[in-house]
Amino acid sequence: MRELSKNWKLIIGIASVALVLFQFYVTATGLLSDLIQRPIHLAFVLGMCFILKPINKKSADNKKVPAYDIALSLLSIIACLYIVFHNKDLLLRPLQWFSYFDKAWAILLFILILEASRRAIGWIFPIMGAVLLIYAKYGIYFPPGWRHKGFSFDYLFQFLYHMSNGFWGSMVGLAATLLAMFGIFAAMLSITGGADTFIKLGLMATGRMVGGPGKVAVVASCLFGMVSGSAMGNVVAVGTFTIPLMKKAGFKSVWAGAVEAVVSTGGQIMPPIMASSAFIMASLLGISYLSIAKAAIVPALLYFGSVFICVHYYAKRHGIMGIDAKEKINVRELLVILLPLTMFMFFVFRGYSVMYSAYYATLLGIATYIAVFLSAEKNPKAIAVKTGGMLYNLSNNGAKNIVDMTVLMTGAQISISLINTTGIGIKISDWIVGLGQSSLFLCLFFSMIVCIILGMGLPTAAVYVIAAAILVPPLSSLGVNTFVAHMFMIYFSALATITPPVCSAVYMASAISGANWVKTGFTAVGIALPAFVVPFFFVQNEALLLRSTPVENLIAVVTAVVGVYFIGVGMVGFFDRLIKMPLRFCSVAGGLLLLYPSWYISLFGVLIGVMSLILNRFLQKKPNFASPS
C-alpha cells in the first residue's frame, strides 16, 4: 500500500465515503441494473487501486503519486463509466462495436484489470488472462484434445466488454454486492475494537490454564478470524499480542509462530461467520449460507480442537504454566461487538441473504457504538468529532476491503469468462480424471495439490473461485456430491496459507516470532495435520458435515474427536510422559483410522491408539518432564 500525502489521503477518503454510501444505497434500494451498478462499482475500485497500490514495492514509500498512476486511474474510471452511458445500446446490440473508442476502451480495460490484479496480488491473474486469451484466439492450432475452433479478437473483446458474463460477470457481481457489504461489516467490527475484545475474552477463558498463552491464541484468533476473513490480517491483529505472550511463557519461537499461523488460518473456516469463499459458494450453488455454516461446524471444531490438544500437551511437556490474567471486559465493549454479530446471525437464521444481514448488522453496530459513546461523553462537540471520526475510519477501512476483494474477483472473472468461452474447463476436468485413472483418492489428491499451488500466489477467495471452476466438475463426474466437492475446495484454499513453500500466514507469524519460517511452516503443517486429512474423509463420509442421519452424525463426530485426540498426542509426542517415536506413529495412525467411515476400522484405530499409550507407559516407568500440574 502506498504511503499517501495529506492531500491524497483526503481525496481517497472522500472516494471511500462515496463508495461506502453507494454500497449502502444499492443494498437498500436495489434499483440499478447489472450493467449500471457493476461498472460504477468497478470504476470506484480501479480508480482507487492505482492510487493506493504502487507499480512496485520500491515506490510504496514515495508519497507523490506518479502522473502515470493518475492517468491509469482516470482511464479506468472512463472505461467503466462508458458502459454505464451505453447500457441501453448494449441490450440491443451486445456484439457490435459502437465506435473505434468502444474497441479501444475494451482492450484498455482488459489491460487495466490485469495490471490492477498484478499490483494487488501478483502475477498469477495477468499470466492466466494472457495465456487464456491466446488460447481463445489460437485454439485451432493446439494439439487434439485441447483444440477448439478459435475466436476472433473482435468477438472476444466484445464479449468481455459488452456482455454481463464478461468483465461484468457473476464474480464482479458478488464483489459489488455481497462481498462489498460484508467488507464494510468486517471493517465496522474491526474499528470498534474487535481484536482487543476477542483477546480479552481469550485471556479470561483460558489464560490461567496449562499453556494459557497458547490457548489464548487459539480462542482469540478463532473469534477474530470470523470477522477478518484473512489469515494474514488475523496474524497481524492478534499475533502481535499472542506470539510474544507465548514466547514469554516458554513456548519456543517456532511453536509460537506455528500455532498463531494455524489458528489464524482456521478462522476462515469457522462458523458462524466464515471467510468470503463460503459466501461465494452459497451464491454459486444457489443455497443458503446457513447450510454451509452448519456443514462446516464439525470440521472447524476438529481443526481448533486439534490445535488446542497440541498446545495443551506441548505445554505439559515443557512445564508451561498459565498466566495471571487480570483482564476485564466492560458491558459497553461487549455490546459494541456482540449486538451486531447477534443481529447478523438473527437475519441469517430468518432466511435473509448474507448481504442484507450484513447491511442491517452494520447499521446496528454504528448505532450501538454511537449510543455507547453518548452514554460516556457529555460534550456535544466531542461526540460529533468522535462519531465523525469513526464513520470516516469505517469508510476508509471498508473501502480498502472492497478494493482488495473486487480487484481479485475481477481478475478471476476474466479467467473464468475465458475458461467458459473456450471450454477448457471441461478439458482440464477430463485430464484430471484421466491422470487419476478414475481413482477418487488420486483426483482428490491432485485437486489438493492444485489448490496449494494456486495458493502460492492468490488469496483464499481467488483460489476457491478458480478451483470451483476447474476442479469440482471432475470430482462430480466421479460421484462426489457437488456441495461436498465445493467444501473440499474451501478447506484446501484456506490451508494453502500455511503450506510450504509459499505460506503467507507462516511468513507473517515467523516474522513476529523471529523464528525460521521453514521450520515454522512444517511445524504448522504438523499441528494442522487433521485439517489436511478430514476433507478426504468427509468426501467419503458426509456425516462429518452433518449431512446424514442423526445416529450416523453422532458416531462420526465421536470417532473423529477421539481420532483427532490421538493425532494431537502423537504429533506432540507426549501424554503423561514422553512418547517414543514408533509409538507416536502408532498414535497418529490410530487417530487416522478413527476418521474412516467404518465401525470395525474405527474400533481397530481405538485399539492401536490406546495400546500405544499403554505400551509407552510400560516402557517408560518414570515421567521425564517438568509438569505444571
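The values are calculated or read from the model by the stated rules, or taken from the named source; none is laboratory data. If you're wondering where the values come from, they're calculated on a predicted model, not measured in any experiment. As a convention, Cβ positions derive from the backbone with ideal geometry for all residues, glycine included, and neighbour counts pool all protein chains shown. These area figures cover heavy atoms from the full protein model, side chains too; ligands, DNA and RNA do not enter into them. Shrake-Rupley method; radii C 1.70, N 1.55, O 1.52, S 1.80 Å.
Summary of computed values
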{"item": "Options G212, G183, G202: the member that is of a type outside the set (A, V, I, L, M, F, W, C), surrounded by 23 or more Cβ atoms within 10 Å (Cβ to Cβ) and over 30 Å from Y289 (Cβ atoms)", "result": "G212"}
{"item": "Residue tally, condition over 15 Å from the mean Cα position of the chain (by Cα) and in a helix (DSSP H, G or I), over the stretch 205-226", "result": "11"}
{"item": "Members of the stretch 227-243 that are assigned to a helix (DSSP H, G or I), open to solvent by 20 Å² or more (accessible area, probe 1.4 Å) and in contact (Cβ under 8 Å) with a residue 60 or more places away in the chain", "result": "M232, V236, T240"}
{"item": "Scan of the stretch 367-383 for residues that are closer than 23 Å to L19 by Cβ and either open to solvent by 50 Å² or more (accessible area, probe 1.4 Å) or of a type in the set (A, V, I, L, M, F, W, C) (or both), ordered by number", "result": "A367, I370"}
{"item": "Test result for A120, open to solvent by less than 40 Å² (accessible area, probe 1.4 Å), in a helix (DSSP H, G or I) and among the small types (G, A, S)", "result": "yes"}
{"item": "Subset tally (residues that are small (G, A, S), in a helix (DSSP H, G or I) and without any contact (Cβ under 8 Å) to a residue 24 or more places away in the chain) for the stretch 12-69", "result": "1"}
{"item": "Check on S73, polar (S, T, N, Q), over 22 Å from S170 (Cα atoms) and surrounded by 15 or more Cβ atoms within 10 Å (Cβ to Cβ)", "result": "yes"}
{"item": "Residue among M508, M571 that alone is farther than 30 Å from K294 by Cα, touching a helix residue (DSSP H, G or I) at 6+ places or on another chain (Cβ under 8 Å) and touching a residue at least 24 places away in the same chain (Cβ under 8 Å)", "result": "M508"}
{"item": "Among the residues listed as P272, P299, the single one being in contact with a helix residue (DSSP H, G or I) (Cβ under 9 Å, 6 or more places away or on another chain) and surrounded by fewer than 22 Cβ atoms within 10 Å (Cβ to Cβ)", "result": "P272"}
{"item": "Residue list for the stretch 325-354, filter: touching a residue at least 60 places away in the same chain (Cβ under 8 Å) and part of a loop (DSSP other than H, G, I, E, B)", "result": "A325, E327, K328, I329, G351, S353"}
{"item": "Among the residues listed as L91, L19, L10, the single one being buried (at least 16 other Cβ atoms within 10 Å of the Cβ) and either under 18 Å from G169 (Cα atoms) or not polar (S, T, N, Q) (or both)", "result": "L19"}
{"item": "Given (1) part of a loop (DSSP other than H, G, I, E, B); (2) surrounded by fewer than 22 Cβ atoms within 10 Å (Cβ to Cβ), index of the condition G166 fails", "result": "(2)"}
{"item": "Neighbours by Cβ (under 6 Å, 6+ apart or cross-chain): first from the stretch 471-492, free of Cβ contacts under 8 Å to residues at least 40 places away in the same chain; second hydroxyl-bearing (S, T, Y) and open to solvent by 10 Å² or more (accessible area, probe 1.4 Å)", "result": "S476/T482"}
{"item": "Subset of the stretch 244-261 that is among the aliphatic types (A, V, I, L, M) and open to solvent by 20 Å² or more (accessible area, probe 1.4 Å) - its residue that is farthest from the chain's Cα centre (by Cα)", "result": "A249"}
{"item": "Unique match (being open to solvent by less than 10 Å² (accessible area, probe 1.4 Å), among the hydroxyl-bearing types (S, T, Y), under 25 Å from L245 (Cβ atoms) and touching a Gly at 6+ places or on another chain (Cβ under 9 Å)) among S277, S264", "result": "S264"}
{"item": "Candidate set: the stretch 353-389, residues that are polar (S, T, N, Q) and within 30 Å of the chain's Cα centre (by Cα); chosen: the one modelled with the lowest pLDDT", "result": "S353"}
{"item": "Options T387, T362, T406, T410: the member that is within 23 Å of Q23 (Cβ to Cβ), of a type in the set (S, T, N, Q) and surrounded by fewer than 21 Cβ atoms within 10 Å (Cβ to Cβ)", "result": "T387"}
{"item": "Failed condition for L72, given (1) closer than 20 Å to I121 by Cα; (2) outside any helix (DSSP H, G or I); (3) among the hydrophobic types (A, V, I, L, M, F, W, C)", "result": "(2)"}
{"item": "Checklist (1) open to solvent by 20 Å² or more (accessible area, probe 1.4 Å); (2) over 13 Å from S612 (Cβ atoms) applied to F585, failing item", "result": "(2)"}
{"item": "Residues of the stretch 251-271 classified as of a type in the set (A, V, I, L, M, F, W, C) and under 11 Å from A528 (Cα atoms), total", "result": "5"}
{"item": "Residue match in the stretch 187-197 (condition: open to solvent by less than 30 Å² (accessible area, probe 1.4 Å) and modelled with pLDDT of 85 or more)", "result": "yes"}
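Residue-by-condition table, conditions (1) within 17 Å of N7 (Cα to Cα); (2) buried (at least 18 other Cβ atoms within 10 Å of the Cβ):
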site: Y25; (1), (2): no, no
site: L35; (1), (2): no, yes
site: I40; (1), (2): no, yes
site: F44; (1), (2): no, yes
site: G47; (1), (2): yes, yes
site: I51; (1), (2): yes, yes
site: N56; (1), (2): no, no
site: S59; (1), (2): no, no
site: K64; (1), (2): yes, no
